[in-house]
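Let me begin by presenting the structure, written as C-alpha coordinates, before commenting on it.
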Amino acid sequence: MKGPKPRPLADRFWPKVQRGDGCWLWMGYRQKSGHGRIGVAGNRVESTSRVAWQLTYGPIPEGMEVCHKCDNPPCVRPDHLFVGTHADNMADCVAKGRHSATDGRHHNARLNADSVREIRRLRAAGVSGKEVATLFGVAETTVSQVFHRHLWPHIKEQETEA
(Lines give C-alpha, C1' and ligand atoms only; values in the text may rest on other atoms or scores of the structure.)
Protein backbone atom coordinates (compact mmCIF):
# COMPACT_ATOMS: atom_id res chain seq x y z
CA MET A 1 0.00 0.00 0.00
CA LYS A 2 1.47 3.35 -1.07
CA GLY A 3 1.29 6.56 0.88
CA PRO A 4 -0.32 9.79 -0.30
CA LYS A 5 0.95 11.31 -3.53
CA PRO A 6 3.50 14.08 -2.77
CA ARG A 7 2.43 17.65 -3.48
CA PRO A 8 3.96 19.20 -6.62
CA LEU A 9 7.19 21.09 -5.97
CA ALA A 10 5.72 24.43 -7.10
CA ASP A 11 2.85 24.01 -4.60
CA ARG A 12 5.37 23.53 -1.78
CA PHE A 13 7.88 26.14 -3.00
CA TRP A 14 6.07 29.40 -3.84
CA PRO A 15 4.04 29.67 -0.60
CA LYS A 16 7.36 29.88 1.28
CA VAL A 17 8.45 32.93 -0.73
CA GLN A 18 7.89 36.44 0.64
CA ARG A 19 7.36 38.59 -2.46
CA GLY A 20 7.99 42.30 -2.53
CA ASP A 21 9.14 45.10 -4.81
CA GLY A 22 12.77 44.04 -4.48
CA CYS A 23 14.08 40.62 -3.58
CA TRP A 24 11.71 37.72 -3.04
CA LEU A 25 12.90 36.06 0.15
CA TRP A 26 12.88 32.33 0.87
CA MET A 27 11.21 31.91 4.26
CA GLY A 28 11.78 28.16 4.57
CA TYR A 29 14.95 26.40 5.72
CA ARG A 30 18.14 28.38 5.20
CA GLN A 31 21.77 27.43 5.66
CA LYS A 32 24.06 29.61 7.80
CA SER A 33 25.09 31.36 4.56
CA GLY A 34 21.45 32.41 4.05
CA HIS A 35 20.93 30.19 0.99
CA GLY A 36 17.65 28.30 1.06
CA ARG A 37 17.26 24.54 0.61
CA ILE A 38 14.21 22.41 -0.20
CA GLY A 39 13.58 18.71 -0.69
CA VAL A 40 12.83 18.01 -4.34
CA ALA A 41 12.68 14.25 -4.98
CA GLY A 42 13.10 11.34 -2.61
CA ASN A 43 15.88 12.33 -0.22
CA ARG A 44 17.43 14.88 -2.62
CA VAL A 45 17.72 18.49 -1.47
CA GLU A 46 18.26 21.39 -3.86
CA SER A 47 19.17 25.06 -3.54
CA THR A 48 16.10 27.30 -3.68
CA SER A 49 17.68 29.58 -6.28
CA ARG A 50 18.06 26.57 -8.62
CA VAL A 51 14.48 25.50 -7.94
CA ALA A 52 13.15 29.02 -8.60
CA TRP A 53 15.05 29.09 -11.91
CA GLN A 54 13.79 25.65 -12.96
CA LEU A 55 10.17 26.38 -12.03
CA THR A 56 10.29 29.64 -14.00
CA TYR A 57 12.59 29.00 -16.95
CA GLY A 58 13.07 25.23 -17.15
CA PRO A 59 16.15 22.99 -16.91
CA ILE A 60 19.58 24.32 -16.00
CA PRO A 61 22.28 23.23 -18.45
CA GLU A 62 24.72 20.60 -17.18
CA GLY A 63 27.58 22.08 -15.16
CA MET A 64 25.98 25.51 -14.81
CA GLU A 65 25.20 27.39 -11.61
CA VAL A 66 22.37 29.74 -10.72
CA CYS A 67 23.88 33.01 -9.55
CA HIS A 68 22.40 36.13 -7.88
CA LYS A 69 22.48 39.54 -9.55
CA CYS A 70 21.34 41.02 -6.24
CA ASP A 71 23.93 39.19 -4.07
CA ASN A 72 21.20 38.35 -1.55
CA PRO A 73 21.49 34.61 -0.70
CA PRO A 74 17.83 34.05 0.35
CA CYS A 75 16.51 35.79 -2.79
CA VAL A 76 14.64 33.53 -5.22
CA ARG A 77 13.15 36.19 -7.48
CA PRO A 78 13.70 34.74 -10.97
CA ASP A 79 14.71 38.04 -12.60
CA HIS A 80 17.38 38.49 -9.91
CA LEU A 81 19.01 35.21 -10.99
CA PHE A 82 21.23 34.27 -13.92
CA VAL A 83 22.83 31.06 -15.13
CA GLY A 84 26.59 30.90 -15.50
CA THR A 85 29.64 28.74 -14.99
CA HIS A 86 31.41 28.57 -11.65
CA ALA A 87 34.07 30.86 -13.15
CA ASP A 88 31.32 33.36 -14.12
CA ASN A 89 29.99 33.25 -10.56
CA MET A 90 33.46 33.79 -9.06
CA ALA A 91 34.25 36.61 -11.51
CA ASP A 92 30.95 38.29 -10.55
CA CYS A 93 31.89 37.85 -6.89
CA VAL A 94 35.34 39.39 -7.41
CA ALA A 95 33.98 42.23 -9.58
CA LYS A 96 31.54 43.18 -6.82
CA GLY A 97 34.23 43.06 -4.13
CA ARG A 98 32.61 40.19 -2.21
CA HIS A 99 35.56 37.77 -2.39
CA SER A 100 38.16 38.78 0.17
CA ALA A 101 40.26 35.67 -0.55
CA THR A 102 41.33 37.19 -3.88
CA ASP A 103 44.10 39.13 -2.22
CA GLY A 104 45.00 36.54 0.40
CA ARG A 105 43.42 38.43 3.30
CA HIS A 106 40.65 35.89 3.90
CA HIS A 107 41.20 34.04 7.19
CA ASN A 108 41.36 30.67 5.40
CA ALA A 109 43.46 31.76 2.41
CA ARG A 110 46.71 29.83 1.99
CA LEU A 111 47.64 31.58 -1.23
CA ASN A 112 47.97 35.16 -2.34
CA ALA A 113 48.76 36.78 -5.69
CA ASP A 114 52.52 36.31 -5.26
CA SER A 115 52.24 32.63 -4.32
CA VAL A 116 49.87 32.04 -7.26
CA ARG A 117 52.46 33.55 -9.63
CA GLU A 118 55.19 31.42 -8.05
CA ILE A 119 53.13 28.23 -8.40
CA ARG A 120 52.62 28.99 -12.09
CA ARG A 121 56.33 29.80 -12.55
CA LEU A 122 57.46 26.58 -10.82
CA ARG A 123 55.06 24.35 -12.75
CA ALA A 124 56.05 26.01 -16.05
CA ALA A 125 59.69 25.31 -15.13
CA GLY A 126 58.88 21.61 -14.75
CA VAL A 127 58.62 21.24 -10.97
CA SER A 128 56.08 18.48 -10.20
CA GLY A 129 52.64 19.37 -8.93
CA LYS A 130 53.25 17.20 -5.88
CA GLU A 131 56.43 19.10 -4.97
CA VAL A 132 54.75 22.48 -5.45
CA ALA A 133 51.76 21.37 -3.39
CA THR A 134 54.03 20.32 -0.52
CA LEU A 135 55.94 23.59 -0.73
CA PHE A 136 52.78 25.70 -0.44
CA GLY A 137 50.80 23.42 1.89
CA VAL A 138 47.92 22.90 -0.54
CA ALA A 139 46.47 19.93 -2.42
CA GLU A 140 48.01 18.82 -5.69
CA THR A 141 44.64 19.46 -7.38
CA THR A 142 44.80 23.07 -6.14
CA VAL A 143 48.21 23.48 -7.79
CA SER A 144 46.82 22.10 -11.05
CA GLN A 145 43.78 24.38 -10.91
CA VAL A 146 45.97 27.43 -10.19
CA PHE A 147 48.38 26.52 -13.00
CA HIS A 148 45.56 26.03 -15.53
CA ARG A 149 43.82 29.22 -14.32
CA HIS A 150 40.69 27.48 -13.05
CA LEU A 151 41.49 29.10 -9.70
CA TRP A 152 42.73 32.67 -9.37
CA PRO A 153 42.20 33.38 -13.10
CA HIS A 154 42.32 37.13 -12.50
CA ILE A 155 45.94 37.00 -11.28
CA LYS A 156 48.20 38.05 -14.14
CA GLU A 157 51.93 37.60 -14.35
CA GLN A 158 53.78 40.66 -13.09
CA GLU A 159 54.75 42.99 -15.88
CA THR A 160 58.48 43.46 -16.21
CA GLU A 161 59.86 46.95 -16.38
CA ALA A 162 61.47 47.88 -19.72
message: Contact list please: Cβ distance under 9 Å, first residue in segment 69-81 and under 16 Å from residue 94 (Cα atoms), second residue in a loop (DSSP other than H, G, I, E, B) and basic (Lys, Arg), pairs at least six apart or on different chains.
response: 70/77; 71/96; 71/98
message: List the strands (runs of 3 or more DSSP E) inside segment 17-132, counting only whole elements, that have at least 1 residues being more than 30 Å from residue 6 (Cβ to Cβ) and at pLDDT 90 or above.
response: 81-84
task: Search segment 61-85 for residues being touching a helix residue (DSSP H, G or I) at 6+ places or on another chain (Cβ under 6 Å) and among the aliphatic types (A, V, I, L, M), and hand back the single one that is surrounded by the fewest Cβ atoms within 10 Å (Cβ to Cβ).
output: 81
Residue match in segment 23-35 (condition: free of Cβ contacts under 8 Å to residues at least 60 places away in the same chain, in contact with a Ser or Thr (Cβ under 7 Å, 6 or more places away or on another chain), of a type outside the set (Asp, Glu) and within 24 Å of residue 95 (Cβ to Cβ)): yes
statement: Those residues of segment 42-79 which are among the small types (Gly, Ala, Ser) and closer than 12 Å to residue 9 by Cβ amount to 52
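The values are calculated or read from the model by the stated rules, or taken from the named source; none is laboratory data. This one's a predicted model, so the numbers in the text were calculated from it and none came from an experiment. For neighbour counting, all protein chains shown are included, and Cβ atoms are generated from backbone atoms with ideal geometry for every residue, glycine included.
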